[in-house]
Amino acid sequence: MKNIYLVLVIALFISGCSSRQYFEPEDTNGDYQSEVSYNDYEIVDFNANGATLEDYKFISADGITTNSIKNGFKFINNNDGVIIGADSQGQLLIQNKGSIEEFAFDKNIISASVKDNLIALCFVDNSIMLYDKKLKQKYFKEYFTLSLVNDIKIANPIFLDTVILYPTLDGKVIVVDIAKKSIIKTMNIDPRGKINNIIYLSSIDDTLVAATPSKLFTFVSGRVNIKDFDIKNVIINNKSIIISTLDGEVIKLNKELQIIKRKKFKFAKFHALGAGEYIYALESNEYLIRFNSDLEDVKIFDFSFDEDKKVISIGDKLYFDDKSITLK
(Lines give C-alpha, C1' and ligand atoms only; values in the text may rest on other atoms or scores of the structure.)
Protein backbone atom coordinates (compact mmCIF):
# COMPACT_ATOMS: atom_id res chain seq x y z
CA MET A 1 0.00 0.00 0.00
CA LYS A 2 2.86 2.34 0.86
CA ASN A 3 4.43 1.66 -2.55
CA ILE A 4 1.16 2.56 -4.32
CA TYR A 5 0.97 5.80 -2.32
CA LEU A 6 4.58 6.65 -3.23
CA VAL A 7 3.91 6.01 -6.92
CA LEU A 8 0.86 8.30 -6.80
CA VAL A 9 2.85 11.10 -5.14
CA ILE A 10 5.63 10.81 -7.75
CA ALA A 11 3.08 10.76 -10.57
CA LEU A 12 1.37 13.89 -9.23
CA PHE A 13 4.73 15.66 -8.88
CA ILE A 14 5.75 14.77 -12.46
CA SER A 15 2.33 15.84 -13.73
CA GLY A 16 2.63 19.19 -11.93
CA CYS A 17 6.07 19.81 -13.42
CA SER A 18 4.98 18.87 -16.92
CA SER A 19 1.94 21.18 -16.75
CA ARG A 20 4.04 24.23 -15.83
CA GLN A 21 3.56 26.85 -18.51
CA TYR A 22 6.22 29.12 -19.99
CA PHE A 23 6.38 32.30 -22.02
CA GLU A 24 6.78 31.28 -25.66
CA PRO A 25 6.62 34.05 -28.29
CA GLU A 26 5.48 33.05 -31.76
CA ASP A 27 8.54 34.70 -33.29
CA THR A 28 11.61 36.68 -32.23
CA ASN A 29 13.88 39.25 -33.83
CA GLY A 30 16.91 37.00 -33.52
CA ASP A 31 19.75 37.40 -31.04
CA TYR A 32 20.09 40.71 -29.23
CA GLN A 33 23.12 42.43 -30.71
CA SER A 34 25.29 44.28 -28.21
CA GLU A 35 28.96 44.31 -27.33
CA VAL A 36 29.53 41.99 -24.38
CA SER A 37 32.04 42.84 -21.65
CA TYR A 38 33.49 39.90 -19.75
CA ASN A 39 34.23 40.08 -16.04
CA ASP A 40 36.65 37.76 -14.28
CA TYR A 41 34.18 36.93 -11.52
CA GLU A 42 30.45 36.43 -11.05
CA ILE A 43 27.98 38.24 -8.78
CA VAL A 44 27.74 36.76 -5.28
CA ASP A 45 25.49 39.33 -3.57
CA PHE A 46 23.26 42.22 -4.65
CA ASN A 47 20.79 44.74 -3.29
CA ALA A 48 18.67 47.56 -4.72
CA ASN A 49 21.73 49.70 -5.51
CA GLY A 50 24.43 47.33 -6.74
CA ALA A 51 26.25 44.05 -6.35
CA THR A 52 29.40 42.42 -5.00
CA LEU A 53 31.58 40.15 -7.17
CA GLU A 54 33.55 37.08 -6.09
CA ASP A 55 36.83 39.03 -6.03
CA TYR A 56 35.26 41.85 -3.92
CA LYS A 57 35.07 44.24 -6.81
CA PHE A 58 31.60 45.72 -6.94
CA ILE A 59 28.96 47.09 -9.29
CA SER A 60 27.22 50.42 -8.73
CA ALA A 61 25.70 53.16 -10.86
CA ASP A 62 29.28 53.92 -11.97
CA GLY A 63 29.70 50.41 -13.40
CA ILE A 64 32.19 47.77 -12.29
CA THR A 65 34.91 49.32 -10.16
CA THR A 66 38.62 48.89 -10.75
CA ASN A 67 39.24 48.77 -7.00
CA SER A 68 37.83 46.29 -4.51
CA ILE A 69 35.96 46.49 -1.26
CA LYS A 70 37.71 44.96 1.74
CA ASN A 71 37.60 41.15 1.88
CA GLY A 72 34.69 39.88 3.95
CA PHE A 73 32.55 42.93 3.20
CA LYS A 74 29.72 43.29 0.71
CA PHE A 75 28.80 46.39 -1.24
CA ILE A 76 25.91 48.40 0.24
CA ASN A 77 25.85 51.80 -1.46
CA ASN A 78 27.73 54.40 -3.49
CA ASN A 79 27.09 58.01 -2.43
CA ASP A 80 28.83 60.22 -5.00
CA GLY A 81 31.99 58.10 -4.93
CA VAL A 82 31.85 57.35 -1.20
CA ILE A 83 31.57 53.55 -1.00
CA ILE A 84 29.73 51.85 1.85
CA GLY A 85 30.15 48.18 2.72
CA ALA A 86 29.11 45.91 5.56
CA ASP A 87 30.08 42.47 6.84
CA SER A 88 28.13 39.83 8.76
CA GLN A 89 29.45 40.95 12.14
CA GLY A 90 27.94 44.44 12.42
CA GLN A 91 30.96 46.19 10.88
CA LEU A 92 30.48 49.17 8.56
CA LEU A 93 33.12 50.17 6.01
CA ILE A 94 33.39 53.59 4.33
CA GLN A 95 35.91 54.01 1.48
CA ASN A 96 36.50 57.49 0.10
CA LYS A 97 39.33 58.24 -2.36
CA GLY A 98 41.75 55.80 -0.78
CA SER A 99 40.83 56.47 2.86
CA ILE A 100 39.11 53.69 4.80
CA GLU A 101 37.01 54.07 7.96
CA GLU A 102 35.46 51.23 9.93
CA PHE A 103 32.72 51.39 12.53
CA ALA A 104 31.35 48.64 14.78
CA PHE A 105 27.66 48.25 15.62
CA ASP A 106 25.79 45.64 17.64
CA LYS A 107 23.56 44.46 14.76
CA ASN A 108 24.17 43.62 11.12
CA ILE A 109 23.67 46.50 8.69
CA ILE A 110 21.39 45.89 5.71
CA SER A 111 21.42 49.37 4.14
CA ALA A 112 23.11 52.71 4.69
CA SER A 113 23.84 56.12 3.17
CA VAL A 114 26.34 58.82 4.05
CA LYS A 115 26.43 62.60 3.62
CA ASP A 116 29.29 64.64 5.05
CA ASN A 117 29.72 63.30 8.61
CA LEU A 118 26.24 61.79 8.93
CA ILE A 119 25.53 58.08 8.36
CA ALA A 120 21.92 56.88 8.02
CA LEU A 121 21.77 53.18 8.94
CA CYS A 122 19.16 50.40 8.73
CA PHE A 123 19.75 47.17 10.67
CA VAL A 124 18.63 43.56 10.33
CA ASP A 125 16.39 43.88 13.42
CA ASN A 126 14.42 46.64 11.62
CA SER A 127 15.92 49.46 13.62
CA ILE A 128 17.26 52.71 12.15
CA MET A 129 19.99 55.02 13.38
CA LEU A 130 21.55 58.39 12.63
CA TYR A 131 25.25 58.45 13.47
CA ASP A 132 27.94 61.15 13.30
CA LYS A 133 31.16 59.47 12.16
CA LYS A 134 33.37 62.43 13.07
CA LEU A 135 32.03 62.88 16.60
CA LYS A 136 31.42 59.10 17.04
CA GLN A 137 27.97 60.09 18.28
CA LYS A 138 24.62 58.32 17.94
CA TYR A 139 21.83 60.87 17.61
CA PHE A 140 18.99 58.38 17.81
CA LYS A 141 18.08 54.74 17.27
CA GLU A 142 14.47 53.77 16.66
CA TYR A 143 13.03 50.23 16.55
CA PHE A 144 10.19 48.98 14.37
CA THR A 145 8.33 45.67 14.05
CA LEU A 146 10.69 42.75 13.51
CA SER A 147 10.45 41.27 10.00
CA LEU A 148 11.86 37.78 9.41
CA VAL A 149 11.06 37.37 5.70
CA ASN A 150 12.28 40.09 3.32
CA ASP A 151 12.83 40.65 -0.38
CA ILE A 152 16.55 40.73 -1.23
CA LYS A 153 16.22 44.14 -2.94
CA ILE A 154 16.49 46.20 0.22
CA ALA A 155 16.54 49.94 -0.46
CA ASN A 156 19.02 52.39 1.10
CA PRO A 157 18.15 55.59 3.00
CA ILE A 158 18.10 58.80 0.96
CA PHE A 159 19.45 62.20 1.99
CA LEU A 160 17.38 65.04 0.55
CA ASP A 161 17.91 68.77 1.19
CA THR A 162 16.52 68.94 4.74
CA VAL A 163 15.41 65.40 5.52
CA ILE A 164 16.52 61.77 5.43
CA LEU A 165 14.16 59.07 4.16
CA TYR A 166 14.63 55.71 5.88
CA PRO A 167 13.07 52.56 4.36
CA THR A 168 12.02 49.92 6.91
CA LEU A 169 11.46 46.18 6.73
CA ASP A 170 7.81 46.50 7.81
CA GLY A 171 6.62 48.69 4.94
CA LYS A 172 7.27 52.21 6.21
CA VAL A 173 9.24 55.26 5.09
CA ILE A 174 10.51 57.24 8.07
CA VAL A 175 11.20 60.94 7.52
CA VAL A 176 13.93 62.43 9.72
CA ASP A 177 14.66 66.15 10.00
CA ILE A 178 18.43 66.63 9.51
CA ALA A 179 18.66 69.82 11.57
CA LYS A 180 16.55 68.51 14.46
CA LYS A 181 17.94 64.96 14.08
CA SER A 182 14.56 63.50 14.95
CA ILE A 183 11.66 61.72 13.26
CA ILE A 184 9.02 64.12 11.93
CA LYS A 185 6.82 61.79 9.86
CA THR A 186 6.06 58.09 9.34
CA MET A 187 4.51 57.00 6.05
CA ASN A 188 2.96 53.55 6.35
CA ILE A 189 3.03 52.07 2.86
CA ASP A 190 2.33 48.36 3.34
CA PRO A 191 1.36 47.46 6.93
CA ARG A 192 -0.30 44.12 6.09
CA GLY A 193 1.94 42.65 3.41
CA LYS A 194 3.53 39.26 4.10
CA ILE A 195 6.81 40.48 2.60
CA ASN A 196 6.65 44.24 2.93
CA ASN A 197 10.14 45.68 3.15
CA ILE A 198 10.82 48.73 0.97
CA ILE A 199 12.50 47.41 -2.20
CA TYR A 200 12.60 50.71 -4.07
CA LEU A 201 13.05 54.29 -2.85
CA SER A 202 13.75 57.22 -5.15
CA SER A 203 12.36 60.55 -6.27
CA ILE A 204 11.13 62.31 -9.43
CA ASP A 205 11.73 66.02 -8.89
CA ASP A 206 9.67 66.72 -5.73
CA THR A 207 7.84 63.37 -5.83
CA LEU A 208 8.80 60.49 -3.55
CA VAL A 209 8.50 57.04 -5.14
CA ALA A 210 8.59 53.89 -3.03
CA ALA A 211 7.62 50.25 -3.44
CA THR A 212 7.25 47.04 -1.49
CA PRO A 213 6.68 43.68 -3.23
CA SER A 214 2.91 44.37 -3.14
CA LYS A 215 2.48 48.17 -3.10
CA LEU A 216 3.54 51.11 -5.26
CA PHE A 217 3.54 54.47 -3.49
CA THR A 218 4.10 58.11 -4.41
CA PHE A 219 3.97 61.25 -2.28
CA VAL A 220 3.17 64.29 -4.43
CA SER A 221 2.61 67.79 -2.98
CA GLY A 222 1.45 66.38 0.33
CA ARG A 223 -0.84 63.80 -1.26
CA VAL A 224 -0.32 60.04 -0.89
CA ASN A 225 -1.03 57.67 -3.80
CA ILE A 226 -0.94 53.89 -3.28
CA LYS A 227 -1.77 51.03 -5.65
CA ASP A 228 -1.63 47.27 -5.27
CA PHE A 229 0.62 45.30 -7.63
CA ASP A 230 2.65 42.10 -7.31
CA ILE A 231 5.87 43.95 -8.05
CA LYS A 232 9.04 42.36 -9.37
CA ASN A 233 11.01 45.39 -10.62
CA VAL A 234 10.73 49.20 -10.59
CA ILE A 235 12.59 51.83 -12.62
CA ILE A 236 12.08 55.52 -13.39
CA ASN A 237 12.34 56.49 -17.05
CA ASN A 238 11.80 60.04 -18.35
CA LYS A 239 9.88 60.97 -15.19
CA SER A 240 7.53 58.00 -15.58
CA ILE A 241 7.42 54.94 -13.35
CA ILE A 242 7.84 51.55 -15.03
CA ILE A 243 7.15 48.31 -13.16
CA SER A 244 7.13 44.63 -14.04
CA THR A 245 4.83 42.28 -12.16
CA LEU A 246 4.93 38.64 -11.14
CA ASP A 247 2.13 37.77 -13.56
CA GLY A 248 4.01 39.00 -16.65
CA GLU A 249 2.92 42.62 -17.06
CA VAL A 250 5.01 45.71 -17.81
CA ILE A 251 3.17 48.87 -16.71
CA LYS A 252 3.90 52.56 -17.20
CA LEU A 253 2.46 55.02 -14.64
CA ASN A 254 2.65 58.73 -13.93
CA LYS A 255 3.52 60.32 -10.58
CA GLU A 256 -0.12 60.09 -9.45
CA LEU A 257 -0.01 56.33 -10.22
CA GLN A 258 -2.45 56.64 -13.09
CA ILE A 259 -1.76 53.82 -15.55
CA ILE A 260 -0.59 55.23 -18.88
CA LYS A 261 0.07 51.92 -20.63
CA ARG A 262 0.30 48.24 -19.77
CA LYS A 263 1.49 45.22 -21.72
CA LYS A 264 0.76 41.62 -20.75
CA PHE A 265 3.03 38.71 -21.69
CA LYS A 266 1.34 35.42 -20.86
CA PHE A 267 3.36 33.26 -18.43
CA ALA A 268 6.34 35.64 -18.57
CA LYS A 269 8.65 35.80 -15.57
CA PHE A 270 10.77 38.94 -15.51
CA HIS A 271 14.17 39.07 -13.83
CA ALA A 272 15.08 42.70 -14.46
CA LEU A 273 14.06 46.00 -16.02
CA GLY A 274 16.54 48.38 -17.63
CA ALA A 275 16.52 51.42 -19.87
CA GLY A 276 18.76 52.96 -22.48
CA GLU A 277 17.15 54.64 -25.47
CA TYR A 278 14.55 51.88 -25.10
CA ILE A 279 13.04 50.06 -22.12
CA TYR A 280 14.02 46.41 -21.67
CA ALA A 281 12.56 43.51 -19.70
CA LEU A 282 14.65 40.36 -19.20
CA GLU A 283 12.51 37.20 -19.28
CA SER A 284 13.53 33.92 -17.64
CA ASN A 285 13.29 31.75 -20.76
CA GLU A 286 16.18 33.65 -22.36
CA TYR A 287 14.29 36.48 -24.02
CA LEU A 288 14.95 40.23 -23.91
CA ILE A 289 11.82 42.28 -24.62
CA ARG A 290 12.32 45.82 -25.92
CA PHE A 291 9.80 48.70 -25.86
CA ASN A 292 9.88 52.35 -26.77
CA SER A 293 9.10 54.88 -24.01
CA ASP A 294 5.34 54.45 -24.63
CA LEU A 295 5.60 50.64 -24.24
CA GLU A 296 4.93 50.31 -27.97
CA ASP A 297 7.07 49.05 -30.87
CA VAL A 298 7.64 45.77 -29.01
CA LYS A 299 10.50 43.57 -30.19
CA ILE A 300 11.49 40.26 -28.62
CA PHE A 301 15.09 39.08 -28.86
CA ASP A 302 16.77 35.79 -27.99
CA PHE A 303 19.15 36.40 -25.10
CA SER A 304 21.22 33.62 -23.53
CA PHE A 305 21.78 33.71 -19.76
CA ASP A 306 21.50 31.38 -16.77
CA GLU A 307 18.36 32.23 -14.79
CA ASP A 308 19.70 30.37 -11.75
CA LYS A 309 22.52 32.91 -11.39
CA LYS A 310 22.24 36.46 -10.10
CA VAL A 311 21.16 39.17 -12.56
CA ILE A 312 21.09 42.89 -11.92
CA SER A 313 20.19 45.90 -14.05
CA ILE A 314 21.52 49.35 -13.17
CA GLY A 315 20.71 52.25 -15.48
CA ASP A 316 21.49 51.17 -19.04
CA LYS A 317 23.68 48.22 -17.98
CA LEU A 318 22.64 44.60 -17.54
CA TYR A 319 24.95 42.32 -15.53
CA PHE A 320 24.52 38.54 -15.74
CA ASP A 321 26.74 35.51 -15.15
CA ASP A 322 30.27 36.94 -15.59
CA LYS A 323 29.20 39.30 -18.40
CA SER A 324 27.59 42.69 -18.91
CA ILE A 325 26.04 44.62 -21.82
CA THR A 326 24.97 48.19 -22.45
CA LEU A 327 21.29 48.41 -23.35
CA LYS A 328 20.79 50.50 -26.50
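Working only within region 187-223, note down all residues that are in a loop (DSSP other than H, G, I, E, B) and within 16 Å of residue 254 (Cβ to Cβ).
205, 206, 221
Report, ordered by the first and then the second residue, all pairs with beta carbons closer than 9 Å, sequence separation of six or more or different chains, a first member in region 141-154 that is farther than 14 Å from residue 166 by Cβ and modelled with pLDDT under 90, and a second member that is open to solvent by 90 Å² or more (accessible area, probe 1.4 Å) and in a loop (DSSP other than H, G, I, E, B).
Qualifying pairs under 9 Å: 149/194.
Does residue 256 qualify as being open to solvent by 20 Å² or more (accessible area, probe 1.4 Å), in contact with a Lys or Arg (Cβ under 6 Å, 6 or more places away or on another chain) and modelled with pLDDT of 95 or more?
No; evaluated as a whole, the condition is false for this residue.
Looking at 77, 49, which is the one that is open to solvent by less than 20 Å² (accessible area, probe 1.4 Å), within 19 Å of the chain's Cα centre (by Cα) and within 19 Å of residue 159 (Cα to Cα)?
Of the residues listed, the single one that is open to solvent by less than 20 Å² (accessible area, probe 1.4 Å), within 19 Å of the chain's Cα centre (by Cα) and within 19 Å of residue 159 (Cα to Cα) is 77.
If you scan region 110-135, which residues turn out to be open to solvent by 10 Å² or more (accessible area, probe 1.4 Å), out of contact with any Leu (no Cβ under 8 Å at 6 or more places or on another chain) and within 21 Å of residue 81 (Cβ to Cβ)?
Within region 110-135, 114, 115, 116, 134 qualify.
Looking at 262, 290, which one is within 22 Å of residue 199 (Cβ to Cβ), basic (Lys, Arg) and either buried (at least 20 other Cβ atoms within 10 Å of the Cβ) or at pLDDT 95 or above (or both)?
Just one listed residue meets the conditions, 262.
Between a residue in region 56-76 that is in contact (Cβ under 8 Å) with a residue 60 or more places away in the chain and more than 17 Å from residue 322 (Cα to Cα) and any residue that is open to solvent by 30 Å² or more (accessible area, probe 1.4 Å) and not in a strand (DSSP E or B), which pairs come within a Cβ distance under 9 Å, given they are 6 or more apart or on different chains?
61/49; 61/315; 76/49
Pairs, please: C-beta under 6 Å, at least 6 apart or cross-chain, first residue basic (Lys, Arg) and in region 86-112, second open to solvent by less than 80 Å² (accessible area, probe 1.4 Å)?
Pairs that qualify, where the first residue is basic (Lys, Arg) and the partner is open to solvent by less than 80 Å² (accessible area, probe 1.4 Å), are 107/90; 107/123; 107/124; 107/125.
Yes or no, residue by residue, for (1) under 27 Å from residue 234 (Cβ atoms); (2) of a type outside the set (Val, Ile, Thr):
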residue	(1), (2)
69	yes, no
75	yes, yes
78	yes, yes
91	no, yes
106	no, yes
138	no, yes
144	yes, yes
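If you take the residues in region 168-186 that are open to solvent by less than 10 Å² (accessible area, probe 1.4 Å) and part of a strand (DSSP E or B), which one is farthest from residue 312 (Cα to Cα)?
Among residues in region 168-186 that are open to solvent by less than 10 Å² (accessible area, probe 1.4 Å) and part of a strand (DSSP E or B), the one farthest from residue 312 (Cα to Cα) is 176.
Does region 84-101 hold any residues that are open to solvent by 10 Å² or more (accessible area, probe 1.4 Å) and within 27 Å of residue 147 (Cα to Cα), and which are they?
Within region 84-101, 87, 88, 89, 91 qualify.
Taking the condition basic (Lys, Arg), open to solvent by 10 Å² or more (accessible area, probe 1.4 Å), more than 23 Å from residue 58 (Cβ to Cβ) and out of contact with any Cys (no Cβ under 7 Å at 6 or more places or on another chain), does residue 107 pass?
Answer is no for this residue.
Suppose we filter 204, 198, 231 for residues that are open to solvent by less than 20 Å² (accessible area, probe 1.4 Å), more than 30 Å from residue 118 (Cα to Cα) and of a type in the set (Val, Ile, Thr); which single one remains?
The match here is 231.
If I go through region 23-41 residue by residue, how many of them are touching a Phe, Trp or Tyr at 6+ places or on another chain (Cβ under 9 Å) and within 29 Å of residue 247 (Cα to Cα)?
Total meeting the criteria: 9.
The values are calculated or read from the model by the stated rules, or taken from the named source; none is laboratory data. Worth saying up front: this structure is predicted, and the values here are computed from it rather than measured. As a convention, Cβ positions derive from the backbone with ideal geometry for all residues, glycine included, and neighbour counts pool all protein chains shown. The protein model used for the area step is the full one, side chains on, heavy atoms only, and it has no ligands, DNA or RNA in it. Shrake-Rupley method; radii C 1.70, N 1.55, O 1.52, S 1.80 Å.
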